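S.K.: Quick one: structure below, then a few questions.
The values are calculated or read from the model by the stated rules, or taken from the named source; none is laboratory data. Everything numeric in this text was worked out from a predicted model, so none of it was measured. Ideal geometry is used to build each Cβ from the backbone, glycine not excepted, and the neighbour counts take in all protein chains shown.
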Amino acid sequence: MGVVAVVLGQLLFSLQPEQELLRFGIPLPDQHLAAGLRVARGRGSLQWRRLQARPDPHTGRTWVELCVRVPGARRGGPLLHVYAGGVGAVDPERGDVVRRTVEDRLAADGRVHEEVWRWCSGQLDRSCTTEFAARTDLGDGEAFLAGESLSSGGVPDRFLAAGIAPRTWRRVGLLPRGGTLAADLRQRLLRTATRLHEEQTRRGSGDYRRSKGVVTNLEFDTTLALARLGMATGDRVLLARAWRAARHSVDIDLDPNTGLHHRHGLDHHSGPADPGHTWLSGVLLVGCLAAEERWIAAAQRIARGLARHPPGGQGRDDRVRDVGWPLLEMETWLRFADDREVAAACAGLVGRLLRRWDDANGVFRFGEGIRSRSPVYEEPLWVTAGCLVPGLRAYELRTRDRRVAEVLAVLQRRVRQLVLNGKPGLPLRCWLRAGQIVGQARVGGTPSGYLLLEGLAPRDLSRCLRRGPVRSALGDVPGEDDVDLPTSFTMAARCWWIYR
């Protein structure tokens with residue numbers, strides 16, 4: 001009985017609601033969910049349901065949607081505590097706090113998905129998404145292409161106003177513990193974010209342009225960057241931007257045939273659908289934070305699109321990023337859900353990757369680094385460290401593959417040694433021959449340096465960031481005159497290490 005009493009009385013988290021009606025997601029310890037959830041007596045009413053079929057195998061936490069009514073809630077008001085031991089999970093179609101109705105229907109221009117949330121207070125929230133079957137002119141100079149969607153309504157304030165503090169996001173594992181190591185760099189990124197100019201058209205809302213008018217298509221996962229920085233700083237404007245970016249990513253940038261994102265270009269679909277330019281982490285995170293099932297389903301669709309379209313570049317088009325990003329994104333999905341198709345694709349990708357391993361030089365050999373009639377291999381170190389190493393880490397954590405662990409140790413050791421050699425700049429590229437480094441390209445003031453440091457083992461990060469040359473190389477990024485600001489911001493703000 002004593003153990004049960006402790007579980008039932010467990011404080012799970014606190015929030016500071018800024019309005020009466022809230023609907024948001026948060027990962028909670030799965031062991032407590034069987035006992036139900038409640039808020040303090042007299043403070044409000046709550047209903048909840050699981051967004052995830054099983055807990056994250058590494059944290060033991062399960063994403064849940066909470067719908068809360070807190071009469072009299074206001075900005076700056078008292079904290080609201082959520083405890084284990086209370087009401088059980090409820091289907092939103094039969095909720096007491098809020099009740100959802102869903103309608104899918106055919107329309108003249110495509111398919112319509114409509115959701116209506118009827119709150120016990122009498123308030124209605126309505127969202128409507130039209131997926132166009134053919135090019136559709138909206139009559140105001142804008143046209144949507146076949147397979148694109150236009151979403152209206154939806155209430156991001158329902159999750160933005162939950163008032164969840166950054167320390168809570170750290171405690172539930174959405175940000176790393178600590179938070180002091182790179183606080184100055186985060187503040188610089190926060191100032192940079194105010195200079196990001198979001199597209200103002202209905203089709204472009206949530207996306208950004210860089211130099212020469214190129215639409216970024218949220219390259220490097222701007223959605224994830226905005227969400228992480230918003231959670232770490234408590235900035236609601238950034239979280240609202242992340243919500244719009246997730247919506248744009250799902251509605252516009254996804255190719256309906258492949259499930260992949262279109263590469264950046266002069267229009268949202270002018271670049272080809274490409275596994276090396278496809279991300280689901282931001283869509284999945286914001287979908288869970290805002291309890292948007294459609295976006296969670298889109299993340300699954302992206303993961304399976306990556307599984308079904310493995311990279312196949314030849315020669316100079318055989319690139320590290322085309323393996324690294326898909327592996328990392330598919331492993332992100334596998335933390336959320338069991339998926340045999342995606343797991344098999346990851347195993348196949350890693351198996352083929354290991355066959356590329358050059359033990360003498362300690363590199364994976366890709367066509368982009370091979371020069372004809374030259375024994376020297378050019379290693380794009382910032383790409384290997386920034387996307388391939390995190391993907392391999394995630395794979396090794398899930399599978400405990402010894403060979404992958406050995407390779408990771410070699411790659412992480414090289415990053416540490418080159419970063420710590422005391423020379424100015426950061427080693428974005430290196431050249432190897434017969435097991436020796438015969439050259440380096442060391443550059444400062446570039447966002448690629450942020451991604452490079454993702455390749456450091458966590459135990460080495462603090463040591464590296466205390467070095468003057470490293471700090472100098474990071475301190476002016478992104479610059480005031482950066483013509484590719486959205487991309488530079490994203491490359492830096494997405495990195496896990498800057499939240500330590």
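S.K.: Residues in the stretch 117-140 that are part of a loop (DSSP other than H, G, I, E, B) and without any contact (Cβ under 8 Å) to a residue 12 or more places away in the chain: how many?
M.R.: Of the residues in the stretch 117-140, 4 are part of a loop (DSSP other than H, G, I, E, B) and without any contact (Cβ under 8 Å) to a residue 12 or more places away in the chain.
S.K.: With the requirement that a residue be without any contact (Cβ under 8 Å) to a residue 60 or more places away in the chain and within 21 Å of the chain's Cα centre (by Cα), what does the stretch 198-216 give you?
M.R.: E198, E199, S205, G206, V215
S.K.: Return the only residue of V410, V383, V419, V415 being surrounded by fewer than 23 Cβ atoms within 10 Å (Cβ to Cβ) and β-branched (V, I, T).
M.R.: Result of the check over V410, V383, V419, V415: V410.
S.K.: Please find, among E341, E378, E368, the residue that is in contact with a Phe, Trp or Tyr (Cβ under 9 Å, 6 or more places away or on another chain), of a type outside the set (A, V, I, L, M) and touching a residue at least 24 places away in the same chain (Cβ under 8 Å).
M.R.: It is E378.
S.K.: Another question, if that's okay. Find the residue count for the stretch 101-116, including only residues that are assigned to a strand (DSSP E or B) and out of contact with any Asp or Glu (no Cβ under 9 Å at 6 or more places or on another chain).
M.R.: 2
S.K.: For S472, indicate whether it is touching a Pro at 6+ places or on another chain (Cβ under 6 Å), among the hydroxyl-bearing types (S, T, Y) and either assigned by TED's automatic domain parsing to the domain that holds L328 or surrounded by fewer than 20 Cβ atoms within 10 Å (Cβ to Cβ) (or both).
M.R.: no
S.K.: Look through the stretch 356-408, keep the residues that are assigned to a helix (DSSP H, G or I) and more than 25 Å from the chain's Cα centre (by Cα), and return whichever of them is farthest from L428 (Cα to Cα).
M.R.: R402
S.K.: So which of R228, R203, R167, R188 is surrounded by fewer than 22 Cβ atoms within 10 Å (Cβ to Cβ) and closer than 26 Å to G60 by Cα?
M.R.: Just a single option satisfies the conditions, and that option is R167.
S.K.: Output the residue which, of all residues in the stretch 297-332 that are within 13 Å of the chain's Cα centre (by Cα) and more than 17 Å from T258 (Cα to Cα), is surrounded by the fewest Cβ atoms within 10 Å (Cβ to Cβ).
M.R.: T332
S.K.: Would you mention how many residues in the stretch 272-325 are touching a strand residue (DSSP E or B) at 6+ places or on another chain (Cβ under 9 Å), in a loop (DSSP other than H, G, I, E, B), over 18 Å from T223 (Cβ atoms) and in contact (Cβ under 8 Å) with a residue 24 or more places away in the chain?
M.R.: Of the residues in the stretch 272-325, 3 are touching a strand residue (DSSP E or B) at 6+ places or on another chain (Cβ under 9 Å), in a loop (DSSP other than H, G, I, E, B), over 18 Å from T223 (Cβ atoms) and in contact (Cβ under 8 Å) with a residue 24 or more places away in the chain.
S.K.: To continue, here is another question. At pLDDT 95 or above, surrounded by 23 or more Cβ atoms within 10 Å (Cβ to Cβ) and of a type in the set (G, A, S), is that true of A290?
M.R.: Criteria met by A290.
S.K.: Here's something else I'd like to know. Could you list, ordered by first residue, the pairs with Cβ atoms under 6 Å in which the first is in the stretch 84-105 and under 26 Å from Q31 (Cβ atoms) and the second is surrounded by 11 or more Cβ atoms within 10 Å (Cβ to Cβ) and of a type in the set (V, I, T), at least 6 apart or interchain?
M.R.: Listed by first residue and then by second, the contacts come to A84/V7.
S.K.: If you don't mind, another one. I'd like the full set of residues that are within 19 Å of L388 (Cα to Cα) and in contact with a Phe, Trp or Tyr (Cβ under 9 Å, 6 or more places away or on another chain), limited to the stretch 447-469.
M.R.: Scanning the stretch 447-469 gives P447, S448, G449, Y450, L451, L452, L453, E454, G455, L456, P458, L461.
S.K.: Has the stretch 167-175 got at least one residue that is assigned to a helix (DSSP H, G or I), at pLDDT 95 or above and either touching a helix residue (DSSP H, G or I) at 6+ places or on another chain (Cβ under 7 Å) or within 30 Å of E199 (Cβ to Cβ) (or both)?
M.R.: yes
S.K.: Also, I was wondering about something else. For the stretch 217-240, give me the residue count where each residue is among the charged types (D, E, K, R), closer than 23 Å to R500 by Cα and either touching a residue at least 60 places away in the same chain (Cβ under 8 Å) or part of a helix (DSSP H, G or I) (or both).
M.R.: The total comes to 3.
S.K.: Right, another one. Only residues that are assigned to a strand (DSSP E or B) and not hydrophobic (A, V, I, L, M, F, W, C): list them for the stretch 423-463, please.
M.R.: P427, R429, R433, Q436, G439, Q440, R442 - these are the residues of the stretch 423-463 that are assigned to a strand (DSSP E or B) and not hydrophobic (A, V, I, L, M, F, W, C).
Residue-wise test of (1) without any contact (Cβ under 8 Å) to a residue 40 or more places away in the chain; (2) under 18 Å from R494 (Cα atoms).
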position	(1), (2)
L397	no, no
V404	no, no
V410	no, no
V419	no, no
L432	no, no
I437	yes, no
V443	yes, no
L456	no, yes
C464	no, no
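S.K.: Right, A245: assigned to a helix (DSSP H, G or I), crowded, with 18+ Cβ neighbours inside 10 Å and at negative phi or not?
M.R.: When the stated conditions are applied, A245 passes them.
S.K.: Could you say whether any residue in the stretch 126-147 is exposed (fewer than 15 other Cβ atoms within 10 Å of the Cβ) and more than 24 Å from H248 (Cβ to Cβ)?
M.R.: No; the residues of the stretch 126-147 include none that is exposed (fewer than 15 other Cβ atoms within 10 Å of the Cβ) and more than 24 Å from H248 (Cβ to Cβ).
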